[in-house]
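Undergrad: Before we start, here is the structure in question, set down as structure tokens.
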Amino acid sequence: MKTIGILLFCLGILAVSVTPGEAVSPRASNKPSPAPSKEYKDCIGGSAKSDHDLAGCESDEYDRLDKVLNTTYRGLLPKLEADRRTLLQDSERAWVSFRDAQCFYEKSRDEGGTLETAAYYSCLRQMTADRIKELLKDWDD
């Protein structure tokens, strides 16, 4: 009976430690994933009924991916030799500036329209997912 109680306690901690949108891998891998969350797929796939809702879907998914990007970046830095670490830090700063400028540019296509905010967050989401994929190329080296 004591073993069952301990097992339930451990399962409870596991359930609390996983935030919505994260998946527990059957393999204990710490490798981040840029894959779209179930919440995002559900939101885009039907629960978004207006442009405002669509912007919310994009914004929420971008926020989640930004955390994944930060985790990926912080996890990659110690894996690199000092010279490559410096290059990555320089690259990341330049990439953030480029991403922001690019997404403001893309948003300007819909300036004043109902899709302006959704376009902005869609750009941030996609560019962030692409950046995660790029950084993951060095994850296992």
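Undergrad: Quick one: count up the residues across segment 130-139 that are without any contact (Cβ under 8 Å) to a residue 60 or more places away in the chain and either among the hydroxyl-bearing types (S, T, Y) or part of a loop (DSSP other than H, G, I, E, B) (or both).
TA: Here the count works out to 1.
Undergrad: I'd like the full set of residues that are among the small types (G, A, S) and not in a helix (DSSP H, G or I), limited to segment 32-84.
TA: S33, A35, S37, A48, S50, listed by residue number.
Undergrad: Could you list, in sequence order, the residues of segment 111-128 that are over 14 Å from H52 (Cα atoms) and part of a loop (DSSP other than H, G, I, E, B)?
TA: Residue satisfying the conditions is E111 alone.
Undergrad: Right, something else. Could you count how many residues in segment 102-129 are closer than 30 Å to E81 by Cα and free of Cβ contacts under 8 Å to residues at least 24 places away in the same chain?
TA: So the count comes out to 1.
Undergrad: Please enumerate the residues belonging to segment 10-51 that are under 13 Å from the mean Cα position of the chain (by Cα), at pLDDT 50 or above and acidic (D, E).
TA: E39, the sole residue that qualifies.
Undergrad: What about R85, is it within 30 Å of N30 (Cα to Cα), in contact with a helix residue (DSSP H, G or I) (Cβ under 6 Å, 6 or more places away or on another chain), of a type in the set (D, E, K, R) and without any contact (Cβ under 8 Å) to a residue 12 or more places away in the chain? Talk me through it step by step, then tell me what you get.
TA: Working: within 30 Å of N30 (Cα to Cα): yes; in contact with a helix residue (DSSP H, G or I) (Cβ under 6 Å, 6 or more places away or on another chain): yes; of a type in the set (D, E, K, R): yes; without any contact (Cβ under 8 Å) to a residue 12 or more places away in the chain: yes.
In short, yes.
Undergrad: Is segment 107-117 home to any residue that is of a type in the set (V, I, T) and modelled with pLDDT under 95?
TA: Checked segment 107-117: at least one residue is of a type in the set (V, I, T) and modelled with pLDDT under 95.
Undergrad: Of all residues being in contact with a Leu (Cβ under 8 Å, 6 or more places away or on another chain) and of a type in the set (S, T, Y) in segment 35-91, which is nearest to K133 (Cα to Cα)? Just the residue, please.
TA: So the residue we want is T72.
The values are calculated or read from the model by the stated rules, or taken from the named source; none is laboratory data. The structure displayed is predicted, hence computed values, not measured ones. A quick note on method: Cβ atoms are made from the backbone with ideal geometry, for glycine too, and the neighbour counts reach across all protein chains shown.
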